[in-house]
Amino acid sequence: MTLLSLFPTRIYSAPLKRSGLDRLNRTLIDECDSLRLADAAGQDWSARHYPGGYTSYGSHDKLHLISSGFAALEKAIAPHAKAYAKALGYDLRGRRLEMTDCWVNMMAGAVAHGLHLHPLSFISGTYYLQVPRGSAAIKFEDPRLDRLMAAPPKRSDLPPHERLHVSVKPKSGQVILFESWLRHEVPPSFTRNERISVSFNYGWTAG
């Protein structure tokens, strides 16, 4: 008997950089706090779509273009995005990766981020500024799940690459990248301190 393993789904995880993370994270956390206080439109959007938490997704979703701190973060993420795209087999000759969106997420208590994907992008990811003990992991869904139809349940002892859902526990200072079509969610953490992260999308341009 021959079994072929085809069409892998690869998730990238690495420390953002070797040194200077504490200072960068502290600077960006302070900027996140200031942004939330001043962002009336974002507070209103979050109250309707992100109850109990704050995200700048509905108000300021290109922070790397308006903030020197987030521009520095973009510069640090760029080598990771390039390495990930290369590992996925994308032909980057004559093409340039470009961060198209960048926004903040601040979650505590029962705040959850429902199942979703990132349309109109090809690489997406999250950088973790603050991850309190007990914070929920990011949970990825098998992209074939809605096509399994009459399949029976999977066994509970399967390795991660055979499961229908896989959770990746983040750490402060870590960047996680995934292909934008991959659905994912963040369950509630019920932590007192906030889980603070920066999410982003990448597109590509010629030249």
Item to check | Ala150 being modelled with pLDDT under 95, loosely packed, with under 13 Cβ neighbours inside 10 Å and small (Gly, Ala, Ser) | outcome: yes
Checklist entry - Quick one: how many residues across the stretch 153-177 are surrounded by 14 or more Cβ atoms within 10 Å (Cβ to Cβ), farther than 16 Å from Leu16 by Cα and among the polar types (S, T, N, Q)? => result 1
Checklist entry - Looking only at residues in the stretch 79-95 that are basic (Lys, Arg) and modelled with pLDDT of 95 or more, which one is farthest from the chain's Cα centre (by Cα)? => result Lys86
Checklist outcome for this item: Taking the stretch 29-78 and keeping residues part of a helix (DSSP H, G or I), more than 18 Å from Asn201 (Cβ to Cβ) and in contact with a helix residue (DSSP H, G or I) (Cβ under 6 Å, 6 or more places away or on another chain) leaves Glu31, Gly69
Item to check | Qualifying strands (runs of 3 or more DSSP E) (wholly inside the stretch 150-207; at least 1 residues being basic (Lys, Arg)) | outcome: 191-206
Checklist entry - Within the stretch 118-137, is there a residue that is surrounded by 11 or more Cβ atoms within 10 Å (Cβ to Cβ), out of contact with any Lys or Arg (no Cβ under 6 Å at 6 or more places or on another chain) and among the charged types (D, E, K, R)? => result no
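One line per residue, one yes/no per condition, for (1) hydroxyl-bearing (Ser, Thr, Tyr); (2) closer than 19 Å to Thr55 by Cα:
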site: Gly134; (1), (2): no, no
site: Pro143; (1), (2): no, no
site: Pro153; (1), (2): no, no
site: Pro160; (1), (2): no, no
site: Ser167; (1), (2): yes, no
site: Ile176; (1), (2): no, yes
site: Glu179; (1), (2): no, no
site: His184; (1), (2): no, yes
site: Pro187; (1), (2): no, yes
Checklist entry - Just checking, how many residues over the stretch 120-136 are modelled with pLDDT under 95 and closer than 22 Å to Leu164 by Cβ? => result 1
Item to check | Every pair of residues 6+ apart whose Cβ atoms lie under 7 Å, when the first sits in the stretch 52-69 and is on the phi > 0 side of the Ramachandran plot while the second is surrounded by fewer than 21 Cβ atoms within 10 Å (Cβ to Cβ) | outcome: Gly52/Gly109; Gly52/Ala110
Next on the checklist: Among the listed residues Phe200, Phe140, Phe190, identify the single one that is surrounded by 13 or more Cβ atoms within 10 Å (Cβ to Cβ) and over 20 Å from Leu63 (Cβ atoms).
Outcome noted: Phe140
Checklist outcome for this item: When (1) in contact with a Ser or Thr (Cβ under 8 Å, 6 or more places away or on another chain); (2) of a type in the set (A, V, I, L, M, F, W, C); (3) surrounded by fewer than 21 Cβ atoms within 10 Å (Cβ to Cβ) are applied to Leu88, the one that fails is (1)
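The values are calculated or read from the model by the stated rules, or taken from the named source; none is laboratory data. No experiment lies behind these values; they were computed from the predicted model shown. As a convention, Cβ positions derive from the backbone with ideal geometry for all residues, glycine included, and neighbour counts pool all protein chains shown.
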